[in-house]
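The values are calculated or read from the model by the stated rules, or taken from the named source; none is laboratory data. Note that this is a predicted model, so its numbers are computed, not measured. Reconstructed Cβ throughout: ideal geometry from the backbone, glycine too, with neighbour counts over all protein chains shown. We work out accessible area using only protein heavy atoms, side chains counted, and drop any ligands, DNA or RNA first. Shrake-Rupley method; radii C 1.70, N 1.55, O 1.52, S 1.80 Å.
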Amino acid sequence: PGSVSAAFQEYLRHLGLQDFPCGLGSWVRLRRGHSRGTWHGAATASPLSCPQNKSCFHARGSPRAEPAGLEEAVPPGEETPEALLELLRDQHSPWALPPDCSPQDRLLREVAVLAPELLHASGVFQVVKSLRILDKGVEEVDEGLLQFQQLEELIVSANHISRVTSAHLPRTLKVLELCYNTVGDLQDLCTQPPPELQHLGLGYNQLCGPSQEKHLTVDFWPNLVSLDLSFNSLTDLLGLVSQLSTLQNLRILVLQGNPLALIPTYRGFLVDSLPKLSILDNIHIWPDERQRFHGLAGQPELIRSEARVVVSVGEMNGLPDPKAFQQLKVGSEGPVITFSYGVTYEF
């Protein structure tokens with residue numbers, strides 16, 4: 001699929017939310033007099049409407065009200081919601097999800113048992129709060145994403161997304177993960193970004209400085225707590241720090257893998273320049289480290305445009321053994337063979 005919406009529809013088909021033991025079918029037995037409560041805060045469901053199910057039909061059409069908790073005898077071929085849930089949760093059941101499935105998978109499957117009418121038509125968009133679409137060939141974050149009116153987490157890593165239009169993102173988003181894509185420009189993303197966003201993941205993309213730093217300020221991300229810019233091509237440390245310093249809520253920053261991380265005073269300068277930062281490159285900043293680098297932010301002249309690289313060469317294979325040539329007798333008429341080797345490093 002080329003878009004997030006298309007990938008989501010394929011994902012729903014894969015979950016089989018309309019097939020036994022989920023969905024509305026003759027296998028469903030409704031407990032009369034009960035209404036469904038909230039499920040993970042996603043939605044509130046009313047009693048199921050399943051005309052295929054005779055016992056459901058009679059229960060809904062009965063003129064007499066019966067006390068909550070009373071149940072009719074379960075007709076042959078029909079199951080209670082509790083029995084259907086057990087089929088989903090029992091690890092030995094053929095309908096159980098694999099252990100490594102996401103919480104989102106389990107949520108939708110169980111909602112499809114407890115309140116399947118919520119997943120009909122556009123109702124499914126009201127239930128989903130977290131959407132993870134990884135390595136599905138997605139190229140576009142399309143406007144169909146706006147149907148997810150409760151969406152708080154969007155993870156579309158390891159796809160082929162080169163640009164993101166902020167107008168296509170739900171305003172409810174708090175987490176946006178775009179790692180391992182081909183994003184090279186943040187202008188479209190920052191036109192009108194989700195105001196409540198707390199984490200922005202842009203690691204392993206194609207961001208190049210210094211033109212992108214201007215998009216990383218409080219004007220665009222007033223509530224940002226965590227920012228991942230690792231393994232891009234950012235080079236302007238001074239320019240980046242001047243923009244990041246406006247993010248008053250920023251506590252977690254990942255910049256490793258960028259050329260600017262090779263600057264000898266890189267970590268110390270960042271630690272002293274961003275006093276509210278708690279974690280840099282997945283390493284906690286302790287008070288003694290902050291004290292050790294105190295004052296470094298006031299010495300920008302130490303940020304030289306140079307890098308320090310240490311190259312270690314271990315075992316080398318495929319080279320002739322020098323000992324074989326030492327066995328030749330002095331004065332022998334054997335041919336003289338000379339080998340030359342070159343090593344090239346690309347930075």
Selection from the stretch 185-214 of residues farther than 13 Å from SER166 by Cα, modelled with pLDDT under 95 and either open to solvent by 10 Å² or more (accessible area, probe 1.4 Å) or in contact with a Lys or Arg (Cβ under 6 Å, 6 or more places away or on another chain) (or both) yields CYS208, GLY209, PRO210, SER211, GLN212, LYS214
Among the numbered criteria (1) among the aliphatic types (A, V, I, L, M); (2) modelled with pLDDT under 80; (3) open to solvent by 100 Å² or more (accessible area, probe 1.4 Å); (4) under 30 Å from LEU274 (Cα atoms), which single criterion is violated by VAL330? (4)
Identify, by number, the condition in (1) modelled with pLDDT of 80 or more; (2) surrounded by fewer than 16 Cβ atoms within 10 Å (Cβ to Cβ) that ALA73 doesn't meet. (1)
Which of the numbered conditions does SER312 fail, given that it passes all the others? Conditions: (1) of a type outside the set (Phe, Trp, Tyr); (2) outside any loop (DSSP other than H, G, I, E, B); (3) modelled with pLDDT of 85 or more. (2)
Test: residue in the stretch 188-199 that is within 19 Å of ASN249 (Cβ to Cβ), of a type in the set (A, V, I, L, M, F, W, C) and out of contact with any helix residue (DSSP H, G or I) (no Cβ under 7 Å at 6 or more places or on another chain): yes
When you check LEU154 against the structure, is it over 24 Å from THR246 (Cα atoms), open to solvent by less than 50 Å² (accessible area, probe 1.4 Å), not polar (S, T, N, Q) and not in a loop (DSSP other than H, G, I, E, B), yes or no? yes
With respect to the numbered conditions (1) open to solvent by 50 Å² or more (accessible area, probe 1.4 Å); (2) part of a strand (DSSP E or B); (3) not β-branched (Val, Ile, Thr), which one is the sole condition not fulfilled by ASN223? (2)
Only one of these conditions is not met by SER230: (1) touching a residue at least 60 places away in the same chain (Cβ under 8 Å); (2) open to solvent by less than 30 Å² (accessible area, probe 1.4 Å); (3) not hydrophobic (A, V, I, L, M, F, W, C). Which number is it? (1)
Suppose we filter LEU240, LEU247, LEU253 for residues that are crowded, with 16+ Cβ neighbours inside 10 Å and in a strand (DSSP E or B); which single one remains? LEU253
Conditions (1) crowded, with 16+ Cβ neighbours inside 10 Å; (2) outside any strand (DSSP E or B); (3) at pLDDT 95 or above; (4) at negative phi; number of the one not met by TYR180: (4)
Number of the exception - LEU173 against (1) over 15 Å from GLU140 (Cβ atoms); (2) open to solvent by 40 Å² or more (accessible area, probe 1.4 Å): (2)
